[in-house]
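Worksheet: the structure to be examined is printed underneath.
The values are calculated or read from the model by the stated rules, or taken from the named source; none is laboratory data. Bear in mind that the values here come from a model prediction, so they are computed numbers and not experimental data. FYI the Cβ positions are ideal-geometry reconstructions off the backbone, even for glycines, and counts take in every protein chain you see. SASA here: full protein model, heavy atoms, side chains in, ligands and nucleic acids out. Shrake-Rupley method; radii C 1.70, N 1.55, O 1.52, S 1.80 Å.
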There are 2 protein chains.
Amino acid sequence: MNFNSLAALYKTELFENVIPFWLNHSLDRECGGYFTCLGRTGNVYDTDKFIWLQAREVWLFSMLYNNVEPRKEWLDAAIHGAAFLEKHGHDGALNWYFALDRRGAPLVEPYNIFSYTFATMAFGQLNKATGNPRYADIARRTFEIILSKASNPKGKWSKASPGSRTLKGFALPMILCNLAMEIEHLLSEEILHARMEECVHQVMEVFYRPELGIVVENLTADNQLSDTFEGRSVNPGHAIEAMWFVMDIGRRLKRPELIEQAKNITLRMVEYGWDTTYGGIFYFMDRKGCPPLQLEWDQKLWWVHIETLISLLKGYELTGDRRCLEWFERVHAYTWDHFKDPEYPEWFGYLNRRGEVLIDLKGGKWKGCFHVPRGLYQCWQTLERIDRKATLITPTPKTETLCNENLL
Amino acid sequence: MNFNSLAALYKTELFENVIPFWLNHSLDRECGGYFTCLGRTGNVYDTDKFIWLQAREVWLFSMLYNNVEPRKEWLDAAIHGAAFLEKHGHDGALNWYFALDRRGAPLVEPYNIFSYTFATMAFGQLNKATGNPRYADIARRTFEIILSKASNPKGKWSKASPGSRTLKGFALPMILCNLAMEIEHLLSEEILHARMEECVHQVMEVFYRPELGIVVENLTADNQLSDTFEGRSVNPGHAIEAMWFVMDIGRRLKRPELIEQAKNITLRMVEYGWDTTYGGIFYFMDRKGCPPLQLEWDQKLWWVHIETLISLLKGYELTGDRRCLEWFERVHAYTWDHFKDPEYPEWFGYLNRRGEVLIDLKGGKWKGCFHVPRGLYQCWQTLERIDRKATLITPTPKTETLCNENLL
């Protein structure tokens, strides 16, 4: 495998295909914020604005500015979205709505905790880019609200009967793994470490079930498996995405055994979720083989595959396990063959089980300027690191493929 | 078309296949109520109890008892479910929960208006079967609560921002069309007529849009089309199901022009929703051809097809339009070929676009003892009426097929 040319492939796709798509089509110059409901060619087919995607786009452009180069166009795009979010995205007390109309009038109440997490990420990165303490303040205060809501994220909008079976979900601890490191510069060392330890504990020791060898989506309040629709649900992409967050923490905390475990879970979940008939990774599964609630269970979603590429590459980079590379080759081939649109920029998001395009949007209520560019960035960077190490250690490599298991 | 043997086919399937399935597998003899999460062979894979399906099963067995024959087994099955619903299904003030656990502890709050509508149907039919005034009282009082909630069905569980874009949905007026006639014996003539007029108005003059020729799922509060995800959404099965409710009202009110209109809308919506590539009727569509929100948009669902058979047969019975019969033949063939399980009793519910079984449950959170048996019953009865009329008018029919356009 030629890591150098692979790195170039991911980098080129990011800067020549995907980022221009969002810069060209997404910015709403009239009302502020971003259009995210973009059709195959970039046409705006709906103008509602979803806080998840508004915030993630602010984050993405800020991240590129911080990590790639301080390009004014990127910073301007980030500030453009942040201004809209500051003005319209919350209720004045940093309770972040779920959806706004084009002009910023709230449509859907602040019931969704992930509107808060992505707002935190957005303003944390933008603070890093600008040094503006107002952004830091928004990120820090929103983070505090998230922690205060963690035990009952939906609050008054929860439809669970009080005192009934209460399940806790994997999504929040998973996102918090990433979030703590995202706003590291805004947290004290003590709080940062406490957060990292807690979310690693939740992900790796609570939601990962050694008796099953998999990560489950929901557990009872006292951390037991639940034989219910929600308790049987497995979302391989979710679990795999969490593993690269954990690997990043493992690297940060210098804990190779944590990285090793995250790499093993990545491999396990890719094998578990892989569709041996048509290729690709299933969206939802039932751990007991019961009928899943989600009618879309067998579909192949862009983010699942892109996050898997990241975890496999980081797994290989950090442990040298050649199985990561074997799986990377397979998922890379599937992803580029099926999700990349050969005719127009940006990637498809939704394929049916056979890998045919089910919905040809490039952006919508849930797909925005986030997983594709973040994944291309992460893969590009990881491939470059792998390539540099390989070049450094084996200056005249005879076998380019699968040769650096013992680099670490 | 041999209506007589077709009628026998539907009747046999109802009494020899589908009803025994539910009687054999669904009754929870230990805790009361019904299991509805039943796998392909009838195995119970989950024990949660959903009020929609508990109530619909009470209704179905009561309806058979009332309309077919007073078989004790059916009445016992209905009372078995009703006792559980009375004891556990509501909060003491007839606010009907959405879900209970196996023993009846509430799991999900009474946020869903259709828990109320199906409870009303259930207790209305059971009152008819037993004469028990307690059941009549439950039905009548629940119906009043439904009407009081009609303008804001989700109440405190609504996530719409106050004062924001408010859309009204087609589902409630549609169900109310059916419900008014269901509990006709419990309403004064005046209230019954007012309800029928109102819901026919909503369905046929508000949600049906002559400028588009279709029924839409959501409108603005002032009855305008809305160019939003919800406002563009079309659910052909929903629209078609409503049409046989309207035809029943048309027959009841002796309004042939209403029947004619409902038959025309049925034909229009079947054509609109038909998948010309793989056959079957799509689940969701976007009236402007934009990407739909529902990832399951292209799936083929049992209830859509079964309700379509009813509307087409009633349309034919009541207007003689031969296009109804042509479409009935096509949808009948698709339905029996794809939804009927050739190996085990009851029908599949969820097929992918190609008509392959996507999830092989026979019952779940949304599929219970309702659409299949109600549809078989309605088709059987309608086919027998058509056959009787045909025999009466043309005692020695030379062309059995498509010959009775002018019967009415």
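At-a-glance table
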| item | result |
| --- | --- |
| Solvent exposure of segment A:258-337 as accessible area per residue, Å², 1.4 Å probe | 30 Å² |
| Computed helical MRE - 222 nm, chain A, DSSP H runs ≥ 4 contributing -39500 (n - 2.57), nearest 500 | -17000 deg cm²/dmol |
| At 7 Å out from Cα toward Cβ: A:R330 inter-copy label distances (nm, ascending) | 4.2 |
| Accessible surface buried once B binds A (1.4 Å probe; total of both sides; Å²) | 3500 Å² |
| Mean shadow area of segment B:1-126, taken as a quarter of the surface of its Cα convex hull (nm²) | 8.6 nm² |
| Axial C-alpha extent at least 20 Å, average Kyte-Doolittle at least 0.0 - helices from chain A (DSSP) | A:51-67, A:113-130, A:236-253, A:302-319 |
| Cα-only Debye scattering, segment A:253-349: base-10 log of I(q)/I(0) at q = 0.17, 0.18, 0.20 Å⁻¹ | -0.80, -0.87, -1.00 |
| Ranked order, B:D76, A:D101 - accessible area, probe 1.4 Å, largest first | B:D76, A:D101 |
| Two-site FRET efficiency, A:E184 against B:K288, from Cβ-Cβ distance with R₀ of 45 Å, rounded to 0.05 | 0.50 |
| Cut-off 11 Å between beta-carbons: net charge of the residues surrounding A:D286, Lys and Arg +1, Asp and Glu -1 | -1 |
| Per principal axis, descending, Cα span of the protein assembly as shown in whole Å | 95, 56, 53 |
| In segment B:1-101, the trypsin sites (Lys or Arg not before Pro) that fall in loop regions by DSSP, at most 14 other Cβ within 10 Å | B:R29, B:R71 |
| Shielded by partner chains, segment A:153-196 residues - at least 50 Å² of accessible area, 1.4 Å probe, vs chain alone | A:W157, A:K159, A:S161, A:R165 |
| Entries of A:K49/B:K263; A:K314/A:K362; A:K128/B:K288; B:K263/B:K389; A:K159/B:K168 with Cα pairs more than 31 Å apart | A:K49/B:K263; A:K128/B:K288 |
| Distance in nm between pseudo-label sites at A:L253 and A:E230 (7 Å out along the Cβ direction from Cα) | 2.7 nm |
| Where labels lie 7 Å past Cα in the beta-carbon direction, separation of A:N24 and B:D337 in nm | 4.3 nm |
| Sparsely packed GluC sites (Glu not before Pro) within segment A:1-101, loop by DSSP, other Cβ within 10 Å at most 15 | A:E30 |
| Accessible area of B:V357 in the full protein assembly, 1.4 Å probe (Å², nearest 10) | 70 Å² |
| Computed over chain B: relative contact order in percent, which uses C-alpha pairs under 8 Å that are six or more apart | 18 percent |
| Most to least accessible of A:E326, A:E384 (protein chains only, probe 1.4 Å) | A:E326, A:E384 |
| B from A by rotation - nearest chain A beta carbon to the axis, in Å | A:E296, 3 |
| Neighbourhood net charge (10 Å Cβ-Cβ; Lys/Arg +1, Asp/Glu -1) for B:N17 | -3 |
| Using a 7 Å Cα-to-Cβ projection, B:E197 label spacings across copies, nm, ascending | 7.3 |
| For B:W59, net neighbour charge (Lys/Arg +1, Asp/Glu -1) across residues whose Cβ lies under 13 Å away | +1 |
| Mean Cβ neighbour count within 10 Å, used as a protection proxy, ranking B:250-259, B:137-146 highest first | B:137-146, B:250-259 |
| Cβ neighbours within 10 Å from other chains - mean over B:285-297 | 5 |
| Accessible surface ranking that places the most exposed of B:C31, A:C369 first, with a 1.4 angstrom probe | B:C31, A:C369 |
| At least 30 Å² of accessible area lost relative to the chain alone, listed for segment A:348-394 with a 1.4 Å probe | A:R354, A:L358, A:I359, A:K365 |
| Relative pair counts by distance (%), Cα atoms of chain B, 20 Å bins | 27, 62, 11, 0 |
| Label geometry 7 Å along the beta-carbon vector: B:T220 inter-copy distances in nm | 5.1 |
| Carbon and sulfur %, accessible surface of segment B:1-86 computed with the full protein complex present, 1.4 Å | 47 percent |
| Listing of segment A:86-115 residues, each with accessible area lower by at least 10 Å² in the full protein assembly than in the chain alone (probe 1.4 Å) | A:P106, A:L107, A:V108, A:E109, A:Y111 |
